Amino acid sequence: MPPTPSSPLQWLGRLVLFALVWLVLVGTDPVSWVIGVPAVLFATVAAARLSRLVGTDPRPWPLLGFVPFFLWESILGGIDVARRVLGPKLLIDPALVSYRPRIKEPAALVAFLDTLSLLPGTLSADFRDDILYVHTLEASPSVLAGITHLEQRIARLFGQHLEGTPEMTVHPCGTDALAMARAAKHTSDDRDRA
């Protein structure tokens with residue numbers, strides 16, 4: 001079944017979202033809108049075409065709630081990173097977290113991976129064999145809970161229902177944490193096959 005065309009409300013939502021992004025990136029200088037208006041219009045049309053290809057789109061009302069959540073988390077995360085790095089003691093204990101996302105819809109999964117990388121203190125390092133590897137400045141319970149909370153917010157944004165419990169493993173960062181995490185996963189897979 002082909003995806004349905006976007007509604008006028010979805011077009012308006014995209015237009016407002018990209019205009020806000022331009023405003024945040026460039027500021028309020030009216031001259032910037034000489035380039036900004038065509039860029040915002042192009043981004044709106046491109047997003048509409050891509051959503052038709054993928055077959056899913058963020059829902060407008062949850063998107064209105066998600067934007068303040070994302071901005072607030074970005075501010076809090078930025079303050080936390082600054083406090084850790086600029087304080088008298090370097091308060092970081094980096095770790096690599098392997099996480100099996102419960103989101104299955106491709107567009108929602110991409111939004112989850114990208115949003116996670118935009119939040120301060122976390123970085124989507126790799127996604128392979130349905131496992132997401134996230135580099136964190138600290139593997140505290142609040143950071144780990146933040147990953148699952150963000151996945152729930154993204155799932156709501158796309159109207160997805162998450163099933164099962166989150167599967168997460170924390171690997172302390174060493175010289176080659178990503179290789180160690182992958183080796184642990186393959187060892188686990190080998191045991192499951194045996």
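The values are calculated or read from the model by the stated rules, or taken from the named source; none is laboratory data. Note that the structure is predicted; figures quoted are calculated from it, not measured. Using ideal geometry, Cβ is built from the backbone for each residue, glycine included, and neighbour counts are taken over all protein chains shown. Surface areas here come from the heavy atoms of the whole protein model, side chains and all, with no ligands, DNA or RNA. Shrake-Rupley method; radii C 1.70, N 1.55, O 1.52, S 1.80 Å.
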Q. Around I92, with a cut-off of 10 angstrom between Cβ atoms, what is the net charge of the other residues, counting Lys and Arg +1 and Asp and Glu -1?
A. 0
Q | Gained length - E138 relative to I79, 0.36 nm times residue gap less alpha-carbon distance | A | 19.8 nm
Q: Report H161's accessible area, 1.4 Å probe, all protein chains in place, as a number in Å² to the nearest 10.
A: 150
Q: Pop out the carbon and sulfur fraction of the accessible area of the range 80-123 as a percent, whole number, probe 1.4 Å.
A: 66
Q. Ignoring ligands and nucleic acids, what accessible area does E163 show with a 1.4 Å probe (Å², nearest 10)?
A. 140
(Q) Could you sort W22, W61 by their accessible area in this structure, using a 1.4 Å probe and putting the largest first? (A) W61, W22
Q.
Run the simple label-point estimate for T148 and R100 please: 7 Å along Cα→C-beta, distance reported in nm.
A. 1.4
Q: Rounded, prolate or oblate: pick one for the range 52-148, where a ≥ b ≥ c are the square roots of the eigenvalues of its C-alpha gyration tensor, a/c under 1.5 means rounded, and failing that, prolate if a/b is larger than b/c, else oblate.
A: oblate
(Q) Quick check: residue separation of D114 and L12 times 0.36 nm, minus the Cα distance between them. What number comes out in nm? (A) 34.5 nm
**Q.** For the range 62-70, Karplus couplings with θ = phi - 60° (6.51, -1.76, 1.60), whole Hz, Gly/Pro x
**A.** x, 5, 4, x, 6, 4, x, 4, 5
Q) Rank I75, I92 by accessible area, highest first, at a 1.4 Å probe radius? A) I75, I92
